[in-house]
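The values are calculated or read from the model by the stated rules, or taken from the named source; none is laboratory data. Bear in mind the structure is a predicted one, so any value in this text is a computation, not a measurement. As a convention, Cβ positions derive from the backbone with ideal geometry for all residues, glycine included, and neighbour counts pool all protein chains shown. Just so you know, the surface numbers come from the protein's heavy atoms only, side chains and all, with ligands and any DNA or RNA stripped out. Shrake-Rupley method; radii C 1.70, N 1.55, O 1.52, S 1.80 Å.
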Amino acid sequence: MLKKVCLLVISLFFAPVILAKSIVVGVSMYSLADKYPTYLQDSMDKFVASQSNLKFKYADANGDPAKMLNDVENFIDSKVDALIIMPTDQKIVKAIGLKARKAKIPLIVVTVKPNEEDMQYVASYVGSEEIKSGEMQGEFIVNSLNGKPAKAIILLGPLGLEAQIKRTEGNKKIFAQHPEIKVVAEQEAKWDRAKGMEVAENLLSAHRDANVILSNNDEMAIGALLAAKKLGFKDEDMLIVGIDATPDALAYLGNGLDATVYQSASGQGRLSAEMAYKAALGEEISKYNWIPFELVTPEMKELYVNKYKE
């Protein structure tokens, strides 16, 4: 009897310590030079602030798969309780997943969807159905032109990423139903504003009759509108659409940028952080977590500006 009482006293004494166990999550981002991952991180930080026993460690892969793999290995060596990655590419998920599985650390993937055969290594994926955003861009262009002919340029994200493939596929799926809209050029600009400006300037110089630019993300779209202004194109003669609805893009909305598609960095960031936290605690989590895209036009600007203030 005395032994049982002692054990009870000991368990009660240590219970607060167990409940207060610190959870550490390692987060590897594709590249913080791109605006979108920085908004993911901001949202993750808000979730971390709401949990007294949670800490996130961040690493920036700078677009380099080898660096991302090395960063993840460092996280594993430091014995983090969970991992979140925004992959540099889909291929790296398996390599990271195998390391995480061996270390018995749950892996959460955000924004960049893994190949289906590699989902076996992933505890949870948080993102949006990429083809929908491309379709929304295409539908906006069709509705804006209202039957008028057009020549379009598409600026591509890093080749081979699902976002690049599916967003472009969505554009072309819509245009296939509208033969008056011709895609005259498409080129990779790697999600980057400066690269987007350089590529758009070259393509617009070669296709002076182009009047539509669809960009796989906002940063390249901003680069494109700066290139169009530099070359003397008037806003009213050029339709430019992006994806992400970042604060920078919203500042240009209605002033060179005609529309963007909201990809909820706040939703993806918070939910991926929550999935990692729950997985680290051993709780059951959902395998797929889809967050819808939303078309954003100039008259909706303030609504989405306010989303970043929440």
Those residues of segment 20-51 which are in a loop (DSSP other than H, G, I, E, B), open to solvent by 40 Å² or more (accessible area, probe 1.4 Å) and modelled with pLDDT under 95 amount to A20, K21, S22, L32, A33
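Could you tell me which of the residues G147, G134 is in contact with an Asp or Glu (Cβ under 8 Å, 6 or more places away or on another chain), in the same structural domain as L204 (by the TED database) and closer than 21 Å to T111 by Cβ?
G134
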It is to be established whether one or more residues within segment 254-265 are under 27 Å from S28 (Cα atoms), touching a Ser or Thr at 6+ places or on another chain (Cβ under 6 Å) and of a type in the set (S, T, N, Q). yes
For segment 286-299, the count of residues that are assigned to a loop (DSSP other than H, G, I, E, B) and surrounded by fewer than 20 Cβ atoms within 10 Å (Cβ to Cβ) equals 5
Of the listed residues (E274, E283, E302), the one being buried (at least 19 other Cβ atoms within 10 Å of the Cβ), charged (D, E, K, R) and within 26 Å of M44 (Cα to Cα) is E274
When every residue in segment 114-167 that is over 19 Å from I181 (Cβ atoms) and among the acidic types (D, E) is compared, the one surrounded by the most Cβ atoms within 10 Å (Cβ to Cβ) is E130
For strands (runs of 3 or more DSSP E) lying entirely in segment 116-218, having 1 or more residues that are in contact (Cβ under 8 Å) with a residue 12 or more places away in the chain and among the aromatic types (F, W, Y) picks out 124-127
Pairs returned, first residue in segment 40-57 that is assigned by the TED database to the domain that holds Y277 and in contact (Cβ under 8 Å) with a residue 40 or more places away in the chain, second residue that is basic (K, R) and assigned to a strand (DSSP E or B), beta-carbon separation under 8 angstrom, 6 or more apart or interchain, are V48/K55
